[in-house]
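To start, the structure under review is shown below, and the notes come after it.
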């Protein structure tokens, strides 16, 4: 298996589309080879810049990502796009609406687009998004754009993963003030007023500036508000330039390095939790024991604290 994974990793690093696609599927399915593959690719990561694009459904995130990808390709940057789509209630897969909207890049070998299903995972991202971003980084993609599913206030996981977070808003989606009260207002590095040719754009921009004036700047950075009309490619170049300005600001201040340390601290805890659960509850015997204890707790024949203590006691020899 090691020889096969070695060859596979080399093909991913060379940008082989089939190898990358197969690797992402392996990661999403938590297949046995995924860990060894990522282990071999990890030393070749850390060069990509991750831009998260978040906001409520209907704000034009997909079109904006499409235009940003086109901008980077004109500059000959290799681009990766991770579009997190809602899970289909019927098939369990992604609806793939974002990939359909980005068909204009289909013949461009310098860009790789992948839609991922949330599979019921909250927070706006799929569970494997971070690993897929690592994979695209190792594959030589220097600009990785991550479009979140658009679930509103739960859309906060992207702030941990992305180097820069764009919050996309549009005029005319109901109560503008209420929209701005959501958690999105607290995570944005740059605010994008898309579909700015609509009525109410001036009013929304004034409200945004008023709200942002109450937010303390982070290391001298005041989140700007930029207007775009993504369907007409208006304002996209200015937005990309502002992202680059943000990048330089936070790299020079050391904030990007600090953010990466916090990211990996959280990721290591998550991986540790996963490994421990696998050791404690792994296998059919462990699952059966858990179910039996759950039945005892549900029937009030045992309290949950005692049940957990019994599980841990039985697992001590394996830890």
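Within region 195-207, is even one residue within 24 Å of the chain's Cα centre (by Cα) and more than 30 Å from residue 131 (Cα to Cα)? Yes.
Here residue 314 does not qualify as out of contact with any strand residue (DSSP E or B) (no Cβ under 8 Å at 6 or more places or on another chain) and without any contact (Cβ under 8 Å) to a residue 12 or more places away in the chain.
Only one of the listed residues (275, 289, 234) is in contact with a strand residue (DSSP E or B) (Cβ under 9 Å, 6 or more places away or on another chain) and on the phi < 0 side of the Ramachandran plot. That residue is 234.
So, in region 74-105, of the ones that are out of contact with any strand residue (DSSP E or B) (no Cβ under 6 Å at 6 or more places or on another chain) and modelled with pLDDT of 70 or more, which residue ends up farthest from residue 168 (Cα to Cα)? Looking at the filtered set, the residue picked out is 76. The listed residues are 24, 20, and the only one of them that is under 25 Å from residue 259 (Cβ atoms), outside the structural domain of residue 169 (by TED's automatic domain parsing) and either modelled with pLDDT under 85 or surrounded by 20 or more Cβ atoms within 10 Å (Cβ to Cβ) (or both) turns out to be 24.
Considering only residues in region 208-239 that are surrounded by fewer than 18 Cβ atoms within 10 Å (Cβ to Cβ), part of a helix (DSSP H, G or I) and in contact with a helix residue (DSSP H, G or I) (Cβ under 7 Å, 6 or more places away or on another chain), the one that is modelled with the lowest pLDDT turns out to be 211. Scanning region 1-38 for residues being in a helix (DSSP H, G or I), closer than 12 Å to residue 135 by Cβ and either within 20 Å of the chain's Cα centre (by Cα) or in contact (Cβ under 8 Å) with a residue 24 or more places away in the chain (or both) gives a total of 16.
The values are calculated or read from the model by the stated rules, or taken from the named source; none is laboratory data. Keep in mind it's a predicted model, so treat the numbers as computed, not measured. Positions of Cβ are backbone-derived with ideal geometry, glycine not excepted, and every protein chain shown enters the neighbour counts.
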